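Some notes on the structure that comes next.
The values are calculated or read from the model by the stated rules, or taken from the named source; none is laboratory data. None of the values given here were measured: they were computed from a predicted structure. Because the Cβ atoms are built from the backbone with ideal geometry, glycine has one as well, and the counts that use them run over all protein chains shown.
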Amino acid sequence: MNILHIDSACLGDNSASRQLSAAAVEALRAGNEQACVIYRDLSASPLSHVNGPLMQVMRSEWNTALPMNAELSAEALLSESLLSEFLAADVLVLGAPMFNLSVPSTLKAWLDRVLQQGRTYDVGADGRTVGLAAGKRVVLVSTRGGQPHEMLADHQESYLKAVFSIMGIAQVDVVRAEGIALGAELRAQAIQGALRQAAELRPA
């Protein structure tokens, strides 16, 4: 089993999502000691956002009118590496804290590299998307400072589930901790509850 472990929180050791995503990986590996884990920290090593030239290369629309300089070449190689990591993974463990009602921009930058037409999804003649990454499993580690009734909208979990659905990934297990910014006691309770959720994860 190949596990791709991604963290996107910017709080370092104070991050609840990092603690929980590590616990999720530990639980999955406990049932499969031969599991291979690849780790990416999107906060420590943030990706640049996709610009016009890089998008053309990713879409195989590049031509000689667009200069292939060293920077663009490096970004194209990085995108291919990120996509290869994702395609090789059986399980994606994704630490995704809510940030301003959505996900961190570092995570959005990663998603823009792996959500590629012709690679992880395609568009049929009828205009409907067809997922090309079916069979993978996502463990979504979701942390939120507030409680659901306090939120105007959910552009975090619902957004991520929609992205994975486009790629044909139907199995999304959620490990969730809410209310972690509402005081030390509520934070501890939320994290302990989510740690129990993580401990219940099984390889299959």
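Within the range 111-133, residues that are under 16 Å from ALA76 (Cβ atoms) have Cβ atoms under 8 Å from residues that are of a type in the set (Ser, Thr, Tyr) and part of a loop (DSSP other than H, G, I, E, B) in these pairs: VAL114/THR120; GLY118/SER60, counting only partners at least 6 apart in sequence or on another chain.
For the range 187-204, the count of residues that are touching a residue at least 12 places away in the same chain (Cβ under 8 Å) and closer than 21 Å to THR120 by Cα is zero. Taking each residue of the range 24-35 that is closer than 19 Å to LEU140 by Cβ and hydroxyl-bearing (Ser, Thr, Tyr) and looking for partners that are surrounded by fewer than 13 Cβ atoms within 10 Å (Cβ to Cβ) and modelled with pLDDT of 95 or more with beta-carbon atoms closer than 6 Å, six or more apart or interchain, yields nothing.
Please enumerate the residues belonging to the range 165-185 that are assigned to a loop (DSSP other than H, G, I, E, B) and of a type in the set (Val, Ile, Thr). Before the answer, list the steps.
Quick first cut of the range 165-185, residues assigned to a loop (DSSP other than H, G, I, E, B) only: 167-170, 179-183.
Within the range 165-185, ILE169, ILE180 qualify.
Residues are listed down the side, and each one gets a yes or a no for (1) touching a helix residue (DSSP H, G or I) at 6+ places or on another chain (Cβ under 7 Å); (2) at pLDDT below 95; (3) of a type in the set (Ser, Thr, Tyr); (4) under 22 Å from ALA23 (Cα atoms):
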{"site": "VAL93", "(1), (2), (3), (4)": "yes, no, no, yes"}
{"site": "MET98", "(1), (2), (3), (4)": "no, yes, no, yes"}
{"site": "ASP122", "(1), (2), (3), (4)": "no, no, no, no"}
{"site": "ARG144", "(1), (2), (3), (4)": "no, yes, no, yes"}
{"site": "HIS155", "(1), (2), (3), (4)": "no, yes, no, no"}
{"site": "MET167", "(1), (2), (3), (4)": "no, no, no, no"}
{"site": "ILE180", "(1), (2), (3), (4)": "yes, yes, no, yes"}
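Determine which member of the set ALA188, ALA133, ALA194, ALA162 is at pLDDT 95 or above, surrounded by 18 or more Cβ atoms within 10 Å (Cβ to Cβ) and either aromatic (Phe, Trp, Tyr) or not in a loop (DSSP other than H, G, I, E, B) (or both). I'd like the intermediate steps shown before the answer.
Values: ALA188 fails: surrounded by 18 or more Cβ atoms within 10 Å (Cβ to Cβ); ALA133 fails: either aromatic (Phe, Trp, Tyr) or not in a loop (DSSP other than H, G, I, E, B) (or both); ALA162 fails: surrounded by 18 or more Cβ atoms within 10 Å (Cβ to Cβ).
Going through ALA188, ALA133, ALA194, ALA162 in turn, the sole match is ALA194.
Out of the helices (runs of 4 or more DSSP H) lying entirely within the range 1-106, which hold 1 or more residues that are surrounded by fewer than 12 Cβ atoms within 10 Å (Cβ to Cβ) and hydrophobic (A, V, I, L, M, F, W, C)?
On the way: elements: 16-30, 52-58, 70-88.
Fully inside the range 1-106 and qualifying: 70-88.
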